[in-house]
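*Asks:* I'd like to ask some things about the structure below.
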Amino acid sequence: MSAALRLIARLDVKDRYLVKGIQYEGLRKLGDPHDFALDYYRQGIDELLYLDTVASLYGRNNLSGILERVTRDVFIPITAGGGLRSVEDVGTVLKAGADKAAINTAALLRPQLISEVARAFGSQCMVLSIQAKRRDPLNPAAGWEAYYDNGREHSGRDVLEWAREAQQLGAGEILLTGVDREGVRRGLDQELIQAVCSEVTIPVIAAGGASNSGDLMQAARLGAGAVAMGSLLHYKQATIPQLKKELAENGVEVRPCIQQ
Amino acid sequence: MHPTVTIVDYGRSNLLSVQRALEYCGATVEYASTPEQVAAAGALVLPGVGAFADGMNLLRESGLARAVCTRARQGVPLLGICLGMQFLFDSSSEGGITPGLGLLPGTVEAIPGHTTQGQPLRVPHIGWAPLYPAQQREGFSGSTLEAIPVKSQVYFVHGYRAMPAHQADRLADTLYGGHRICAAVQRGNITGVQFHPEKSGEVGLAILRTFLGSCPA
């Protein structure tokens, strides 16, 4: 009924390097993010998501150079995030070639920023990034809390309430990362995806722990409009044509890899 | 052959992405931020990201709106992208009724929040979706979409949809929640696409190359 499931390559960047962490800790350098982006584009990825992993700590986003370079030979939607604190910061990454801005920390500290960005650039541009951690790993009924600063700081906010409020404030999409699963390739937190997808009507990008096409399929069935993948692609556990083939065979609509 | 294209710069929008895609397709890209620059352009691209009322205000205050209309009526190729396509119509209901450029008859309305079956529908419509010929059309031949096969997927990001008053202006549709959503319009030298060709991979680039083929070198 809705659009095809979008497969998003998530590129965590530190300085000039593509990095990958495990539950946001222990970053490992993997190489030049441009090489990865170009490879994924040619394979048929639907979107790119760049996150400056250390921007919040340094108080600035350093993605502009990387974005300006990627827009020369990659022609798919690009979301940029990490350390964006104002309408001006969002304007800077958009000018550098991003189409959407993902905001977490600054929105938690000042929710009105969501409305300001939506007003200036449209809701479709305002992606609220939520880092969700289970309150009690042994008791799913306790729900999830929104974290910031790469899962280090807790906000005290309930993830479902925050998602609903953000939608009302003008967020156009939610990037939902299950921090407990991030980088461990043990599968997405399906309960979290289902809970948030039933809470909001804007599209939800499921992230954190996708390990195979089965995870993607389940996320799509629970209502996710997109899945963001890091480790799964970076460590070449799966190719994009292979994932899309498996999804299509199982009745999940995807954009075909081979166009024309 | 290096067609020269002028992007209308009214202070909003993803100009760099549009520029890079056009350059990749072989165009020389210039910008117009004054009515005089628009009047001198041989071909125009009207990009658009953001809100209708805000964008139209900027176009009006700068005098660009009038200049674009004049130049388009003189027969210069004009491509409106996303919000830039919506500007082509008479008015939009986004943020109160706001008049548009009025180059094509019709209005711009919110995408319904429910499917044709009455189920909740996620809005904005974000993602890749196939292009179908509009009703009463056989295919895309003779249009700006002629280089791509029917059902090619392109990237959409929008919460509003154009409702052309004349079916003849309607070139392509996509389906979302069972609704036919106007995806492309064309009348003579004026083309509008609701999707982002600059973000639609090889399919989008093929569409831009066709448009560039109609632009003077």
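The values are calculated or read from the model by the stated rules, or taken from the named source; none is laboratory data. None of these values were measured; they are calculated from a predicted model. Cβ coordinates were reconstructed from backbone atoms using ideal geometry, including for glycine residues, and neighbour counts include every protein chain displayed. Protein only, heavy atoms only, side chains kept; ligands, DNA and RNA dropped before computing areas. Shrake-Rupley method; radii C 1.70, N 1.55, O 1.52, S 1.80 Å.
*Asks:* What residues have an amide H closer than 5 Å to that of A:Leu175, excluding those fewer than 5 places away on the same chain, when H is modeled at 1.01 Å from N in the peptide plane?
*Replies:* Amide H to amide H, under 5 Å and 5 or more residues apart or across chains, A:Leu175 pairs with A:Leu128, A:Ser129, A:Ile130, A:Ile205.
*Asks:* Report Rg(Cα)/(2.2 N^0.38 Å) for segment A:58-205, keeping two decimals.
*Replies:* The value comes to 1.04.
*Asks:* Moving to a separate point now. As a test of the formula, what do you get for chain A when each DSSP H run with n ≥ 4 contributes -39,500 (n - 2.57) and the sum is divided by the residue count, at 222 nm and rounded to the nearest 500 deg cm²/dmol?
*Replies:* Details: 11 runs with 90 residues, N = 260.
Helices in chain A give a 222 nm mean residue ellipticity of -9500 deg cm²/dmol.
*Asks:* A further question on this structure: Given R₀ = 25 Å, what would the calculated FRET efficiency be for A:Lys29 paired with A:Asn212, taking r from the Cβ atoms and rounding to 0.05? Please report the intermediate quantities before stating the final value.
*Replies:* Values: r = 25 Å, r/R0 = 1.01.
Here the calculated transfer efficiency is 0.50.
*Asks:* Related question: For the pair B and A, how large is the buried accessible area, both sides, in square angstrom to the nearest 100, if the probe is 1.4 Å?
*Replies:* Approximately 3000 Å², summed over both chains.
*Asks:* What is the distance in Å between the Cα centroid of segment A:197-260 and that of segment B:188-206?
*Replies:* Using only Cα atoms to place each centre, the spacing works out to 25 Å.
*Asks:* If you plug each phi of segment A:135-147 into the Karplus form 6.51 cos²θ - 1.76 cosθ + 1.60 with θ = phi - 60°, what whole-Hz ³J(HN,Hα) values come out, in order, with x for Gly and Pro?
*Replies:* Working through the residues one at a time gives 5, 9, x, 8, 9, x, 5, 6, x, 10, 10, 7, 10 Hz.
*Asks:* Could I get the Rg over Rh figure for the protein assembly as shown? Both from C-alpha atoms, Rh via Kirkwood, rounded to two places.
*Replies:* My calculation puts Rg/Rh at 0.96.
*Asks:* Heavy atoms only, probe 1.4 Å: what % of the accessible area of chain B goes to carbon and sulfur, would you let me know?
*Replies:* 49
*Asks:* Given bins 10 angstrom wide, list per bin the percent of all Cα-Cα distances in segment A:212-260, short to long.
*Replies:* 24, 59, 17, 0
*Asks:* Also, I was wondering about something else. Quick one: net charge of B:Pro130's neighbours, Cβ under 13 Å, K/R +1, D/E -1?
*Replies:* With Lys, Arg at +1 and Asp, Glu at -1, the net is +1.
*Asks:* When all alpha-carbon pairs of chain A are counted, what percent fall beyond 35 Å? The partial results should precede the final answer.
*Replies:* Values: 2102 of 33670 pairs.
Within chain A, distances greater than 35 Å cover 6 percent of Cα pairs.
*Asks:* Using 0.36 nm times the number of residues separating B:Ser33 and B:Glu146, minus their current alpha carbon distance, what extension gain do you get?
*Replies:* My answer for the length gained is 37.6 nm.
*Asks:* Next question. Compute the accessible area per residue over chain A, keeping the other protein chains in place, probe 1.4 Å, unit Å².
*Replies:* 38
*Asks:* Given the C-alpha centroids of segment A:57-112 and segment B:87-147, what is the distance between them in whole angstrom?
*Replies:* With segment A:57-112 and segment B:87-147 each reduced to a Cα centre, they are spaced 28 Å.
*Asks:* Rounded to the nearest percent, how much of the accessible area of segment A:6-250 (1.4 Å probe, protein heavy atoms only) is carbon and sulfur? Provide the component values of the computation, followed by the final result.
*Replies:* Values: 4150 of 9120 Å².
The nonpolar share, carbon plus sulfur, comes to 46 percent.
*Asks:* Follow-up question, since we're still on this one. In a shell of Cβ-Cβ distance under 13 Å around B:Thr98, excluding B:Thr98 itself, what net charge do Lys and Arg (+1) and Asp and Glu (-1) give? Before the final figure, lay out the partial values.
*Replies:* On the way: positive: B:Arg60; negative: B:Asp54, B:Asp90, B:Glu94, B:Glu109.
Net charge in that neighbourhood comes out at -3.
*Asks:* Using the Cα centre as the reference, give the magnitude of the dipole from point charges on the C-beta atoms of segment A:141-260 (Lys, Arg: +1; Asp, Glu: -1; all else neutral), rounded to the nearest 20 debye. Please report the intermediate quantities before stating the final value.
*Replies:* Working: 11 positive and 16 negative charges, 114 e Å.
Dipole about the Cα centre, nearest 20: 540 debye.
*Asks:* Scale the Cα Rg of segment B:40-81 by the rule-of-thumb value 2.2 N^0.38 Å and send over the ratio, two decimals.
*Replies:* Working: Rg = 10.5 Å, N = 42, 2.2 N^0.38 = 9.1 Å.
Taking N as the residue count of segment B:40-81, the ratio is 1.15.
*Asks:* Using the Kirkwood radius over C-alpha pairs as Rh, can you work out the diffusion coefficient of segment B:149-217 via Stokes-Einstein at 20 °C, viscosity 1.002 mPa s, in µm² per second?
*Replies:* 166
*Asks:* So which trypsin sites (Lys or Arg not before Pro) in segment A:181-260 pass both tests, a DSSP loop state and at most 15 other Cβ atoms within 10 Å of the Cβ?
*Replies:* A:Arg186, A:Lys236
*Asks:* Let me ask something else about it. Please give the length that would be gained between A:Ser64 and A:Leu138 if that part of the chain were fully extended, namely 0.36 nm times their separation in residues minus their C-alpha to C-alpha distance (nm, one decimal).
*Replies:* Taking 0.36 nm per residue and subtracting the Cα distance, the gain is 22.5 nm.
*Asks:* Next up: For segment A:113-171 and segment B:47-63, compute the distance between their C-alpha centroids and round to whole Å.
*Replies:* 31
*Asks:* Over all directions, the average projected area of the alpha-carbon convex hull for segment A:37-88 comes to how many nm²?
*Replies:* One quarter of the hull surface, i.e. the mean projection, equals 3.8 nm².
*Asks:* Once you put a point 7 Å from the Cα of A:Thr201 and another 7 Å from the Cα of B:His179, both along the Cβ direction, what distance in nm separates them?
*Replies:* Between A:Thr201 and B:His179, the label points sit 1.0 nm apart.
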